[in-house]
Structure formats: structure tokens, C-alpha cells
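**Student:** Before I ask anything, here is the structure I am working with.
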Amino acid sequence: MKLLFVMFSLLSFSVLADYMVEGVDNKPQVSTSDKAKQTLEKAATILAKKTKKKKKHVWLEPGVISKTVIIEGVPFTINRDQDRKHLIAKLYQKTGRGIIKPMHPFKPHAVETIAELEMISYIAKLSDKKKDVVVVDARKPIWLILAGSLPGSINVPFHTFKKDKNFARETMEDEFGVIVKSNGKLDFSQAKTLAVYCNGNWCKMSPELIWELLDYGYPAEKIKYYRGGMQAWQLLGLTVVE
Amino acid sequence: MLLSFASMAKEVLIQKGVKSIDVLHKGVPVSLERNQDRTHNIMKFYQGTWRGKIQPLYPFKPHPVETVSELEVIDYIDQISHGDDSVLIVDSRPQSATMITGMIPSAVRVESKQLLAAESRKSVFELFGVTKVDNKWDFSKAKTLVLYCNGFWCGKSPRTIRRLLVLDYPAERLKYYRGGMQAWRSVGLTTVKE
């Protein structure tokens, strides 16, 4: 408040000075407005410094507060909740769900396990011209309503994918870049990289989807498993889409 | 009523068919399991979302330090409890933190600063199975260390690992439990006092 007042008074002073200078002698106007600009800039930097001191940022990485990604042509900012009192959603406070998944559940298949920073870089790749990445939410749709989803993700419910062969083939053809040949065989040569997630390190939904994909012959090196899932994402206060 | 009884009786498992394993912490038997109360929530401290900076999955590239999860840590604890002294679980946090949030069973506490001064480094290295031969550290019998701290956003165990790498500790004998105490507690696993 006080600072705003200081800025305002500086501004009014410079305007006043401008007027006075103009009235008294014929100094060129450019230099005076430059002066005003300088004082304003000074005030702004002081203000910025003060507010910076007051507010301690919540960081993504050292020196990085947020990353802007472009999803379907629209810029979208991913950052952590800056509120230092923010708690994880009640839903993900529970400790008694599922069974714990190992770090690399698909061994010896070369499915890579990834974490938040790697996931963010895959989300950033969604705006590439090549469009060779898909972020896949493997959860049942009810979870998306309850807990939101990752920016740019598409929902491919694991149970539907497993039960309904037509749905599975259509999804792979429409979304994953798999070519369905006239004889019904699948051609994975153009298959996109999938970054798959579900609820977290205890959740079986994304592992089940990945196993099913591997059964179809999807190349393991084109599947990434974000084991921390929505729970780890929210434990870090990262941006969620409703 | 019947339904709620059934859901209450449903056991919270570590893995398929594994409810608990018996391990040792400082020679005292501890049953390592998940909290069986399905309404149990993670402790308040770890509900906070703002702390630290997010660690990548492999912060030590190109050093081949493996990142491990709860199940691999539990396997290591099992090995230790069966008398394997070539493995050590290391908590890199100060005592003020472990007092509040507890420790993983069988863990010992070593902070990165203990590696700085020559005297404390010597005793830490002794604990790690590293000896001095001809004025040089001999890592041939160095233990496999499983290091953890508070979680995905905590820099304490990464710092300890980096210092160990600078001191030429073999990278393949360093394991990074990135999930740390937060992930450990988020699945309700047993903790102990130091």
C-alpha cells in the first residue's frame, strides 16, 4: 500500500515537473519524459525488489518457477501452487490404497520410468509440429472428475481398453499413430511416444494399460511410465486441469 | 454394516500376497507393513505441497546411480535383517527432521556435512566399509548405500550422493530412494525412531 503511494507520488511529481519545466523554459520534451520514465523505472525496480523479498517462490527446479507449454495452440503455464500453506487434496492423503509398484514393473521390456520433470518436458513436446508424443491418463473417468488430470492429457480408460478390442484398435489408430493394415495387422513403425500415468505408485491402472499395449506389440521404448502419477504431481502442488 | 466390515477386514498389502515382513532395527525386531487402517491419512507435515525443488528421476547422470522405489528399499532392508552387512540404508536428514517424521527401519543417519571434515569423514567412511590404505581411500569393500531424505523435492540425499561421488565412491554402489520419507509414508509404511 505504502509502496503504491510512493510510486503514485513519484509519478505525479514527475508529471508536475514536466509541466513546470515546459512552462519555464523550452527544454525539449523528450528528455523530460525520459527523466520521468527513468524515475518510474527506478520506482518499479525498488517495488519489485521489495515484493521479491516478501514472497518466497515455490520452485520447479533451481531458478525455474514456471514453464509455459502450448497445448492445442493455447499457452498454458505449469507451475507449483505458490501458497505455502497449500495441502494436497484430501483424496490423495489416504495411505491404504492398492499395492506398491516396483520402479520398473515391465522388466525386461524397455519401458522407461519417468518423473515430474521428464513428464513436463513431454507435455512441452505436445506442441511440436511432429506431434509424436501423447500424454495418456489411464484412469477410470470418475478419477478425472474427482482429482483432475495432467495438462494436455487424453483419457484412455484401462478397463475399456482391455475389454473392448474395437475401442483399443480405434484408439491406437486415431490417437497413437498405429497403422491398421487391411489384413487387420498393426503397424507400429509410426507409433507415437506415450507418457502414461494413473493415480500413483500404488495404482494398477496405467501398468495394466501398458501391459495390454505390450501385448499388442507396441514398442516398449515408445512407452514411458510416470510412476508417481497424479498423487506425486499433486504432492508437489503442480498445475492440474479440471 | 456387513459391507463396512468387509472393507475394514480387507488387508492393506505391500505386494501381492505380502502383508508384512519381519526386519531388524538396531537388533530389535520390527514388523514392516503398511498401516492397515484404510481411513488413515499421511501426516500433516507431508501434506504440504510447497517445499524444496523437484528432483529429476536421475539427478546424477552420467554417473550410474540407480534410483529405487519402496519395494527395492524393502528388499534391501530384508537383506540387512538377514545379516547382509554389505548394504546400508542411509537417512541424510538432520535429527530435527527424523525426530518428527521417523526413519525407515534399519536406517542410520549420516548428513552430507559429516563428509566435509576429515575426522567425521573418517568415522563415516568406516561405517560405510571404506578404509585408508597407503594414504588413499580403498573402496573395494565399500557398502551399497541406499540414500533417502524427505522426498521428491528434497536436496539432502542428492547432496550427500554428490559429495560421495566427488570422493570417488563407486556410483554403482549408490542407490537413490527419491520418494523418500514422503512416499514411504504416503503408502503408510512402518517408521521407527532413531
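Values quoted throughout were computed directly from the atomic coordinates according to the rules given, and no laboratory measurement underlies them. Note that this is a predicted model, so its numbers are computed, not measured. Glycine gets a Cβ as well: all are built from the backbone with ideal geometry, and neighbour counts include every protein chain shown.
**Student:** Considering all projection directions equally, how large on average is the shadow of the alpha-carbon convex hull of region A:66-235, in square nanometres?
**Tutor:** Averaged projected area of region A:66-235's Cα convex hull equals 10.6 nm².
**Student:** Taking the Cα centre as origin and putting +1 on Lys and Arg beta-carbons and -1 on Asp and Glu beta-carbons, what dipole magnitude results for region B:130-194, to the nearest 20 debye?
**Tutor:** The dipole magnitude comes to about 160 debye.
**Student:** While we're here: Put +1 on the Cβ of every Lys and Arg and -1 on every Asp and Glu Cβ in the protein assembly as shown; which of A:Ala110, A:Leu209, B:Gly102 then has its Cα farthest towards the positive end of the dipole?
**Tutor:** It is B:Gly102.
**Student:** Another question, if that's okay. Out of the trypsin sites (Lys or Arg not before Pro) in region A:119-154, which ones are loop residues according to DSSP with at most 14 other C-beta atoms within 10 Å?
**Tutor:** On the way: sites: A:Lys125, A:Lys129, A:Lys130, A:Lys131, A:Arg139; in loops: A:Lys129, A:Lys130, A:Lys131, A:Arg139.
For trypsin sites (Lys or Arg not before Pro) across region A:119-154 that sit outside H, G, I, E and B with at most 14 neighbouring Cβ atoms in 10 Å, the list reads A:Lys129, A:Lys130, A:Lys131.
**Student:** Another question about this same structure. So what is the relative contact order of chain B, in percent, for Cα pairs below 8 Å that sit 6 or more residues apart?
**Tutor:** Taking the mean separation of contacting Cα pairs over the length of chain B, I get 29 percent.
**Student:** Let me ask something else about it. Can you count the Lys pairs in region B:57-194 with C-alpha separation below 16 Å, eight or more apart or on different chains?
**Tutor:** The result is 11.
**Student:** Can you list, largest first and rounded to whole Å, the semi-axes you get for region A:55-129 by taking the square root of 5 times each eigenvalue of its Cα gyration tensor?
**Tutor:** Details: eigenvalues 135, 102, 30 Å².
Working through the eigenvalues yields semi-axes of 26, 23, 12 Å.
**Student:** Tell me, how many Å apart are the Cα centres for region A:172-242 and for region B:68-101?
**Tutor:** Cα centroid of region A:172-242 versus Cα centroid of region B:68-101: 32 Å apart.
**Student:** How many angstrom lie between the C-alpha centres of region B:142-184 and region A:50-125?
**Tutor:** Spelled out, the Cα-based centre of one part sits 21 Å from the other.
**Student:** Output the relative contact order of region A:108-242, whole-number percent, from Cα pairs under 8 angstrom with separation of 6+ residues. Write down the numbers at each step before the final one.
**Tutor:** Values: 219 pairs, mean separation 44.9, N = 135.
Relative contact order here is 33 percent.
**Student:** Kindly provide the helix-only [θ] at 222 nm of the protein assembly as shown, computed as the sum of -39,500 (n - 2.57) over DSSP H runs of four or more divided by all residues, to the nearest 500 deg cm²/dmol?
**Tutor:** Counting only the DSSP helices, I get -11000 deg cm²/dmol.
**Student:** Using only Cα positions of the protein assembly as shown, each an equal point scatterer, no hydration layer, compute I(q)/I(0) via Debye at q = 0.14 Å⁻¹ and quote the log10 values to two decimals.
**Tutor:** Results for the protein assembly as shown at q = 0.14 Å⁻¹ read -1.30.
**Student:** Among the complete DSSP H segments of chain B, which ones combine at least 27 Å of alpha-carbon extent along their axis with a mean Kyte-Doolittle hydropathy of 0.0 or more? Write out the running numbers ahead of the final one.
**Tutor:** On the way: long enough: none.
Result, helices passing both filters: zero.
**Student:** Send over the per residue convex hull volume for chain B, Cα only, as a whole number of Å³. Write down the numbers at each step before the final one.
**Tutor:** On the way: hull volume 26.2 nm³, N = 194.
Taking the convex hull of the Cα positions in chain B, it is 135 Å³ per residue.
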